[in-house]
Every structure is written in C-alpha cells, then in structure tokens.
Amino acid sequence: MTETIKRKLSDSSAARWTAMLIVSFTMMCGYFITDVMSPLGDMLTRSVVDGGMGWTPTEYGWFSGAYSWLNIFLLMLLFGGIILDKMGVRFTGVMACGLMVGGALLKAYAVSPLFPEGGMLFGFKTQMWMAGLGFAIFGMGAEICGITVSKVIVKWFTGHELALALGLQVAMARLGTAAALFFSPRIAAAWGGISYPVFFGALALCIGLLAYLVYCVMDRRLDKSIAAAQGEEEEGFKLSDIKFVVTNKGFWLIALLCLMFYAGVFPFLKFAAQLMIYKYGVDPVMAGDIPAILPFGTILLTPLFGSLYDRIGKGATLMVVGAMMLVAVHVLFALPILNEWWFALIVMVLLGIAFSLVPSAMWPSVPKIIPQKQLGTAYALIFYVQNIGLMCVPMLIGWVIDRYAKFTLPDGNVSYDFTAPMWIFALFGIVAVALAFMLKAEDRRKGYGLEEANIRK
Ligand SMILES: C[C@H](NC(=O)[C@@H](N)CCCCN)C(=O)O
C-alpha cells in the first residue's frame, strides 16, 4: 500500500515568506506609532512661548512609560498570552490591531489643538494623562500583537529558517522605528503640529489591520493543512502551563536579560534626540536622524546574525557580546569626550550592532527552552517582565533629568547635562552582561541547545 505524505502549507517557502511579510508589515506600523513622539521630546518640553507644549521632563517620562501601564497594572499582557494560546493567532491578532488603532487615535487627539489645554490632575497636565491613556491602550495592543506575530512566525518556520525569519520580522519593525525617528519631526514641522505624525501613523495602522485580515485567510489554510498532515489538533492551553513556564530557570534568565538589555535601548531612544541636541549640538529638526541610524543598522544586521544563528548556532555567545557592547556604548555617551555629531553617529552604529546581536539570538532561543504549546504564554511573560522596564525606566530618567540634569544658561535658556542618565543606562547593561553569562552557563548545564544551529540537517 502506498502512503501519501501530505505536505503542510508551511512547507512551501513562498507561502511561509508571504505570511512573514504580511504580519511583519502590521508590526512595522505599530513600531512607527511607538516611537512617533520620541524625536518630539524637545518640542513637548519646550515652553509654550518657545513654540513647545510646556511639558516637564518628568511628564514626558511618565507619558513615555505609559505604553506599559495597562500591560503591567491590569496584567493585560498575561491575559493576552492566555487569549493567544486559547483563541489562536487570528482572533488575538485582529483584537490587538483594533486596540492599537483606537489607542493611536486617542493619543493623536490628546496632542492636537482639539484637546482643551490648561487642566491639571494629580500635579500633571490632563493633556499628558489623556495622551498617556491613548498610548497605554495602544501599548496593550502593540505588545499582544508582538507575541502574536512571534507565535505566527514560530508556527510557520519551525524546522526551517526560524531565526532568519524572526530576525527579518524584527528588521521590518525597526524600519517602523527608523521612519518614526526620521519623518516625525519633519511631518510635525511641515504640517505645523505634533498630532499630525501620530494621525499619519494611525492611518498606516489601519492598513496594517487590513493586511492582518489577509493573513487570517492564510492561517486558516495552514491549520487545515496541518490537520490533514498530522490527523489531529494540537492540545490546547491549560493554566498549569504557566506553572511549567515560571518554574524554568532558563526562562527567568532570558526574561531578566530581556528586561535589562531592552531597558538600556528602548527608553534610551525616548531621550536620544534630546541627548543629540544638548550634548552633541545637533539641530532640533534633525535630532532624530542620528538615533534613526540605530534601527536602520539593525535592519541589515538582525537577519544576518539570525541567519548565522540558524546555520552555526552560538546563540548564548551572541547575547553575551551584544550585552557587553551595550555597556561600552552608554559609557562612551556618558564620558565628557568628543562632543561632536560624528562621534555620536559612530557610537550609535555600535549600539545598532549590539541591538542586532541580542534580539536575533534571544527570540529564537525561547522555543528551545519552552515547548511550542506554551510559547504564547512564555513570550507574554517575557514581554511582561520587559514592560516593567519600559514603564519605570523612562519615568526614572525623566525625573533624574528634571532633578539633576536641568540647568539654566547665563542667557536664561534651559539646557540639560545627560551624564547621570547615561550612567544609569550603562548600569542596566552591566546587569545584562552578568545575566547573559548565567544563561550561557545554564545552557551548558541543561543542554537547551542555545549554542547549536536551528536548521535541522
Ligand atoms: C521583538 C522585540 N519586541 C519587543 O521587545 C516588544 N515587547 C517591545 C516593543 C517596543 C517597541 N518599541 C523587539 O522589538 O526586539
């Protein structure tokens, strides 16, 4: 009797790369909105007479951390992970996109002239609270979308070019960040308002939502082909899965490394434009251009390192090297040397390399530690831990700037000295290095295979 070997849709390379491109496009639009305000920090914190919005650095720090409010306090990321493992990627992805669009629109409204200015609540401007609420709703959608997209890629690429695909997805997301850093101040200056780049991003996100709906059709077909090839459905999520994940030491080392490493990158990006203006003398309209090098560099390097990991392994080593480079970068930014734009550019390129090494190895390492059935929960828990840093670090840095970095020049203008904030960022890097070494040792003990190639020969 001849047995027919049924192929899954994911065995077709055209189908899996198309799926990857579609979901990555949606994520890219999300990343645009995440950083759309980062190069506008100076505009927000300038006084109203100088054409700014008069926010304090502390308010700007709170607003930047608002991305994680609901994820942390309402445990939305954890619920998102459970919803993902229970309801699947189609329902969860569409829900997440809807939240992103709604949140982005609320944020744009809050910083537009339509919002009544002047109110105060708990010592902060109501405008900041409203923009923060929009950003918090958006952040909930963005993080749930992030874990969904990771799961989609693992679903299509396991046994194939997993790290390369995850690397390319991250690269496209970084393109969204780079576009935000580069275009946002230009759109705001050309159209005469901070809300315009945010409205533009919300529109792009609507297209991202439509793209995800197209992906849903592909996903349904993939599920049918999996059922035909395997003859049975995968077992669903159980609450005991959370216990399985949180009792795994390797999982905690990755989660804490993620917290510390990303605390030194994403929150830094929120203040990088101001660092360029006040330490390196860059013109405010071009202040986002040097930080934009960071995501641009990662666009090429993340897939490159991902493919290296796929073919020759060394995932834990890549994370150790990346974390060490993060420390070097922040120390160079902190030291009172070479306050020239070209030096800032070189250091930013180094940060781009570090920011490619760690993510390209970290995200494909999670499925080596946690089985696919619990992957949604595992990614959600890692993002949850990471969000603690994404919320607290901008608040801390904003407060440190207000308290220790702000000074008045002889001509009466306000200026900032970024030495203290940069040493704080370097400290996060040092802890990340220690964690990366511990993960490497744990891998040797438990045999997760982090140093092994991903592609099965
Ligand atoms: C893939 C990974 N994503 C995340 O870390 C998200 N939790 C945070 C997204 C914040 C966007 N500025 C990454 O981007 O490396």
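The values are calculated or read from the model by the stated rules, or taken from the named source; none is laboratory data. Everything numeric in this text was worked out from a predicted model, so none of it was measured. Here the Cβ is made from the backbone with ideal geometry for all residues, glycine too, and neighbour counts use every protein chain on show.
Evaluating residue 266 against the criteria (1) farther than 23 Å from residue 154 by Cβ; (2) at pLDDT 85 or above leaves one unmet condition, (1). Give the residues of segment 380-407 that are surrounded by fewer than 17 Cβ atoms within 10 Å (Cβ to Cβ), more than 18 Å from residue 277 (Cα to Cα) and either of a type in the set (Gly, Ala, Ser) or at pLDDT below 90 (or both), sorted by residue number. If the condition is that a residue be surrounded by fewer than 17 Cβ atoms within 10 Å (Cβ to Cβ), more than 18 Å from residue 277 (Cα to Cα) and either of a type in the set (Gly, Ala, Ser) or at pLDDT below 90 (or both), then 403 is the only one that fits. Just one of the listed residues (78, 40, 99) is closer than 20 Å to residue 402 by Cβ and within 16 Å of the ligand (Cβ to nearest atom), namely 40.
Within segment 152-211, the set of residues being among the β-branched types (Val, Ile, Thr), assigned to a helix (DSSP H, G or I) and either more than 22 Å from residue 55 (Cα to Cα) or within 19 Å of the chain's Cα centre (by Cα) (or both) comprises 152, 153, 154, 170, 177, 198, 207. On the basis of being within 30 Å of residue 442 (Cα to Cα), in contact with a helix residue (DSSP H, G or I) (Cβ under 9 Å, 6 or more places away or on another chain), within 12 Å of the ligand (Cβ to nearest atom) and modelled with pLDDT under 90, does residue 361 make the cut? Taking the combined requirement at face value, the residue does not satisfy it. Does residue 352 satisfy the criteria of being at pLDDT 95 or above and within 13 Å of the ligand (Cβ to nearest atom)? No. Tallying residues that are at positive phi and in contact (Cβ under 8 Å) with a residue 12 or more places away in the chain within segment 413-457 yields 1. For beta carbons closer than 6 Å, sequence separation of 6+ or different chains, a first residue in segment 116-140 that is more than 21 Å from residue 73 (Cα to Cα) and a second that is of a type in the set (Ser, Thr, Tyr) and surrounded by fewer than 17 Cβ atoms within 10 Å (Cβ to Cβ), the qualifying pairs are 119/126.
Does residue 410 satisfy the condition of being closer than 30 Å to residue 443 by Cβ, free of Cβ contacts under 8 Å to residues at least 12 places away in the same chain and either surrounded by fewer than 16 Cβ atoms within 10 Å (Cβ to Cβ) or touching a Ser or Thr at 6+ places or on another chain (Cβ under 8 Å) (or both)?
The answer is no for residue 410.
Here segment 123-138 is the region considered, the condition is being within 16 Å of the ligand (Cβ to nearest atom) and aromatic (Phe, Trp, Tyr), and the residue that is nearest to residue 89 (Cα to Cα) is 138. The set of residues in segment 14-27 that are of a type in the set (Gly, Ala, Ser) and more than 14 Å from residue 158 (Cβ to Cβ) comprises 14, 15, 24.
Cβ-Cβ distances below 6 Å connect the following pairs, each with a first residue in segment 266-283 that is more than 15 Å from residue 330 (Cβ to Cβ), a second residue that is among the charged types (D, E, K, R), and a separation of six or more residues or different chains: 274/42; 277/42. For beta carbons closer than 7 Å, sequence separation of 6+ or different chains, a first residue in segment 4-21 that is charged (D, E, K, R) and a second that is at pLDDT below 95 and exposed (fewer than 14 other Cβ atoms within 10 Å of the Cβ), the qualifying pairs are 6/228. Quick test for you: out of 149, 111, pick the one residue that is crowded, with 24+ Cβ neighbours inside 10 Å and over 21 Å from residue 172 (Cα atoms). None of the others qualify; the one that does is 111. Taking residue 272 as the residue in question, decide whether it is closer than 30 Å to residue 56 by Cβ, within 16 Å of the ligand (Cβ to nearest atom) and at pLDDT 90 or above. Against the criterion (closer than 30 Å to residue 56 by Cβ, within 16 Å of the ligand (Cβ to nearest atom) and at pLDDT 90 or above), residue 272 qualifies. Residue-level check: of (1) touching a residue at least 12 places away in the same chain (Cβ under 8 Å); (2) over 23 Å from residue 393 (Cβ atoms); (3) among the aliphatic types (A, V, I, L, M), residue 49 misses just (1).
Of the residues that make up segment 240-257, is at least one more than 19 Å from the chain's Cα centre (by Cα), farther than 23 Å from residue 381 by Cα and in a helix (DSSP H, G or I)? No, segment 240-257 contains no residue that is more than 19 Å from the chain's Cα centre (by Cα), farther than 23 Å from residue 381 by Cα and in a helix (DSSP H, G or I). Residues that are away from the ligand (no atom under 11 Å from the Cβ) and touching a Leu at 6+ places or on another chain (Cβ under 9 Å) were ranked within segment 139-160; the one that is nearest to residue 19 (Cα to Cα) is 156. Of 167, 176, 193, all but one fail to be under 28 Å from residue 44 (Cβ atoms) and within 14 Å of the ligand (Cβ to nearest atom); the exception is 176.
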